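Participant: So that we are looking at the same thing, I have put the structure below in structure tokens.
The values are calculated or read from the model by the stated rules, or taken from the named source; none is laboratory data. Just so you know, these numbers come straight off a predicted model, no measurement behind them. Cβ coordinates were reconstructed from backbone atoms using ideal geometry, including for glycine residues, and neighbour counts include every protein chain displayed. Accessible surface areas use protein heavy atoms only, side chains included; no ligands, DNA or RNA. Shrake-Rupley method; radii C 1.70, N 1.55, O 1.52, S 1.80 Å.
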Amino acid sequence: MKTTVTTNAPPEVGATLQRLRLARGLTLEDLSRIAGVSKSMLSQIEREKANPTIAITWRLANALGVAIGELLSSEPRDVETIRVVEAHETPTLPGNHAGYALRILGPMELAGKYEWYELTLAPGGELASQAHDPGTSEHLTVLHGTLEVEVGSSTRKVKSGGTARYPADQNHAVRNAGKTEAKALLVVVHR
């Protein structure tokens, strides 16, 4: 009886990763920030010098808004007319230490131009941000609860259904001073 040995090499993820990244207009630095994977690791993966772990592959797929199988496939996928991003595919930036969770709702290819998020703040939670690039603005619509927005030395309360529009090119913070969880949509517009 003859035994056939097949050498199944791991998929070459680099070319697919680079194709998906460039199609979204992302630099290595952009993808590094979004996925939480070092720029040097991304460069090594794209040059086929390193194979990503399952955890890194999952982070990259989420950051690019694709299924993990698409990242592992060398075959370009047909473009869907309607692309539904399932809840488990939506990248989330956990700020557990500060009592917030920020779900990235906008597509990665618009990062740095227009970004939108679902912000959830626990009671006492805060999302504090340093000044963004000059001309950047934020638009925060409270879905439930009451939030407090601070920009420079100004502070305003925003109740459920209200929207705060403010310059984000200076230090700013969004806080939940209430006793229940609050949720909001946050849109960032870069100039």
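Participant: Can you sort R19, R191, R103, R33 by 1.4 Å-probe accessible area, starting with the largest?
Facilitator: Putting R19, R191, R103, R33 in descending order of accessible area: R191, R33, R19, R103.
Participant: Still on this structure, please answer the following. Using Stokes-Einstein with the Kirkwood hydrodynamic radius over Cα pairs, what translational diffusion coefficient do you get for region 135-180 at 10 °C and a viscosity of 1.306 mPa s, in µm²/s rounded to a whole number?
Facilitator: The estimated diffusion coefficient comes to 147 µm²/s.
Participant: With a/c under 1.5 counting as rounded, go ahead and sort the chain into rounded, prolate or oblate using the C-alpha gyration tensor (a ≥ b ≥ c being the square roots of the eigenvalues; past the cut-off, prolate if a/b is larger than b/c, else oblate).
Facilitator: prolate
Participant: In debye, nearest 20: dipole of region 46-191 around its Cα centre with unit charges on the Cβ of K, R (+) and D, E (-)?
Facilitator: The dipole of region 46-191 has a size of about 560 debye.
Participant: Under a crude label model (7 Å from the Cα following the beta-carbon direction), how far is A131 from R103 in nanometres?
Facilitator: Spacing of the two 7 Å Cα→Cβ label points: 3.3 nm.
Participant: In what order, largest first, do I68, I56 sit by accessible area if the probe radius is 1.4 Å?
Facilitator: Heavy-atom accessible area, descending, gives I68, I56.
Participant: Would you mind telling me which residue in T180, T53, T155 has the biggest mean-square fluctuation in a Gaussian network model of the chain, where springs connect alpha carbons within a distance under 10 angstrom?
Facilitator: With Cα springs under 10 Å in the chain, the top fluctuation among T180, T53, T155 is at T53.
Participant: Long-range amide H contacts for Q170: which residues qualify at under 5 Å (H placed 1.01 Å from N, peptide plane, sequence gap of 5 or more or a different chain)?
Facilitator: Residues meeting the criterion, in which the H sits 1.01 Å from N, are H132.
Participant: Enumerate the calculated ³J(HN,Hα) couplings along region 165-178 in order (Karplus 6.51 cos²θ - 1.76 cosθ + 1.60, θ = phi - 60°), each rounded to whole Hz, writing x wherever the residue is Gly or Pro.
Facilitator: 10, 7, x, 10, 8, 9, 4, 8, 8, 10, 10, 10, 8, x
Participant: Moving on. Can you return the lysines within cross-link range of K159? Criterion is Cα-Cα under 17 Å, with same-chain partners fewer than 8 residues away left out.
Facilitator: The qualifying lysines are K179, K183.
Participant: How big is region 47-155 by Rg and Dmax over its Cα atoms, in Å?
Facilitator: In Å, with Rg to one decimal and Dmax whole: 17.3, 53.
Participant: Not counting ligands, DNA or RNA, and with a 1.4 Å probe, what is D30's accessible surface area in Å² rounded to the nearest 10?
Facilitator: Its accessible surface works out to 40 Å², give or take rounding.
Participant: Now for a different question. Using a basic spin-label model with each label point 7 Å from the Cα along Cα→Cβ, how many nm lie between T92 and Q170?
Facilitator: About 3.4 nm separates the two model spin labels.
Participant: OK, next. Tell me the mean residue ellipticity at 222 nm calculated for the chain from its helices only (DSSP H runs of n ≥ 4, each -39500 (n - 2.57), averaged over every residue, nearest 500).
Facilitator: After summing the helix terms and dividing by residue count, I get -6000 deg cm²/dmol.
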